[in-house]
Amino acid sequence: MAYRNITVATQDGVCTITLNRPERLNAWNQGMEDEYREAVLAAEADSAVRAIVVTGAGRGFCAGADMDILEAGASGSGDADAARSAPAADALEGIERNYAWRFSYLLKVRKPIFAAINGPIAGIGLCMALFCDFRYMAEGQKLTTAFAKRGLIAEHGASWMLPRLVGVTNALDLLMSARTLLTAEAAQLGLVKALPAEGFLAAVQAVARELVHSASPRSIGVIKRQVYDSLFQDLDEAWRRADEAMVASFDSEDFKEGVAHFLEKRAPNFTGR
C-alpha cells in the first residue's frame with residue numbers, strides 16, 4: 001500500500017511507523033487511522049519484524065483529532081458515527097470482544113509496541129498511545145487528554161485504560177481537568193518513561209531492539225497476551241492458562257535455544273518458534 005499519512009521503515013528487526021502530517025502536528029484523521037492499522041498488522045505478520053515503534057514527523061507526536069473533523073461535528077454537519085468505533089466486537093464472543101475496538105486491537109498484536117512521543121500529544125493521539133505496550137516521551141514535551149475542554153468525554157477506551165496505568169485518582173484528574181502535563185510529571189505518574197530530547201527516536205529504537213533480541217520473541221508474544229488477557233480473567237483462569245502455555249513452551253525452538261545459549265555462554269539466536 002502507498003501510504004499518504006504515515007511512513008514505514010524497518011531496520012534490525014524494528015519497524016518504525018511515523019505519523020506523517022507534520023503541518024497539522026500529525027492530527028488524526030480517518031486516512032491516518034486506516035493506514036496505521038494496516039501498517040501495524042503488516043508488521044505483526046512480517047517475520048523480519050520483532051518490535052514496532054510509532055512516532056511523529058516534525059515537532060509533534062499527535063495533536064489529537066483533526067480540527068476539521070471537530071468543527072464539522074460542532075456544526076452538526078459531520079457524521080456522528082465517525083466518532084465511534086466500528087462494532088466489530090458484536091461478531092465475537094468471550095474475551096476476544098475486548099480486542100476488537102478502535103485501539104484495543106493493539107493489545108492483541110503479538111509484538112511489543114513502543115510509543116516514541118517526540119512532541120505534543122493530545123486527545124485521540126494519547127488514547128492510541130495508551131494502548132501501546134510502552135510509552136517513552138522526550139524531555140520537555142506536553143501531554144493532555146483534551147476531551148473535557150472541548151465539551152467531550154473520555155473516548156476511545158481512555159476511561160478504561162488510563163486508571164490501570166496511573167490509578168483512579170490520577171486518571172480522574174487528567175480526564176476531568178484536561179490540564180497539560182510536561183514529560184517530568186507524566187513520568188512521575190508512571191504514564192511514560194522520559195528520555196533526553198537529543199537522539200530520542202534512536203534511543204527508543206535501541207530499547208526496542210535490545211528487548212526483542214535478548215529475549216525470545218515467542219515468549220514475548222505469549223507473555224503480552226497473558227498480561228492483557230488477565231485484565232479480563234480471575235486468578236484461577238489466568239493460572240490455568242499459564243500452566244498450559246508453559247507446557248507448550250517446552251516444545252518450542254526458543255526454549256531449546258534459551259537453555260543452549262545460557263549453557264554455552266553466548267548471545268542468543270532466537271527464531272520466535
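Quick notes on this structure:
- Residues in segment 233-245 include at least one that is outside the structural domain of Lys108 (by TED's automatic domain parsing), among the acidic types (Asp, Glu) and under 21 Å from Lys111 (Cα atoms).
- Filter pass, Ala158 being within 30 Å of Asp46 (Cα to Cα), crowded, with 21+ Cβ neighbours inside 10 Å and touching a strand residue (DSSP E or B) at 6+ places or on another chain (Cβ under 7 Å): no
- Taking segment 126-149 as the range and being more than 10 Å from the chain's Cα centre (by Cα) and over 14 Å from Thr180 (Cβ atoms) as the test, the residues that pass are Tyr136, Ala138, Glu139.
- Qualifying residue in segment 152-166 (condition: assigned to a helix (DSSP H, G or I) and over 17 Å from the mean Cα position of the chain (by Cα)): no
- Residue count, segment 172-201 (criterion: under 18 Å from the mean Cα position of the chain (by Cα) and part of a helix (DSSP H, G or I)): 5
- Residue in segment 231-246 that is in contact (Cβ under 8 Å) with a residue 24 or more places away in the chain and within 18 Å of the chain's Cα centre (by Cα) present: yes
- Selection count, segment 214-273, where residues are farther than 21 Å from Asp46 by Cα and in a helix (DSSP H, G or I): 29
- Segment 1-59, subset surrounded by fewer than 14 Cβ atoms within 10 Å (Cβ to Cβ), among the hydrophobic types (A, V, I, L, M, F, W, C) and in a loop (DSSP other than H, G, I, E, B), residue modelled with the highest pLDDT: Ala48
- Pair list, Cβ under 6 Å, 6 or more apart: segment 152-172 residue at positive phi, other residue part of a helix (DSSP H, G or I) and β-branched (Val, Ile, Thr): His156/Ile124
- Residue check, Tyr105 at pLDDT 95 or above, over 17 Å from Trp28 (Cα atoms), buried (at least 23 other Cβ atoms within 10 Å of the Cβ) and touching a Lys or Arg at 6+ places or on another chain (Cβ under 8 Å): no
- The one condition in (1) part of a loop (DSSP other than H, G, I, E, B); (2) within 26 Å of Ser216 (Cβ to Cβ); (3) β-branched (Val, Ile, Thr) that Ile95 fails to fulfil: (1)
- Residue in segment 125-149 that is surrounded by the fewest Cβ atoms within 10 Å (Cβ to Cβ), counting only those that are modelled with pLDDT of 95 or more and part of a helix (DSSP H, G or I): Leu130
The values are calculated or read from the model by the stated rules, or taken from the named source; none is laboratory data. The shown structure was predicted, so the numbers you read here are calculated from the model rather than taken from an experiment. Positions of Cβ are generated from backbone atoms using ideal geometry, with glycine treated the same way; all protein chains shown enter the neighbour counts.
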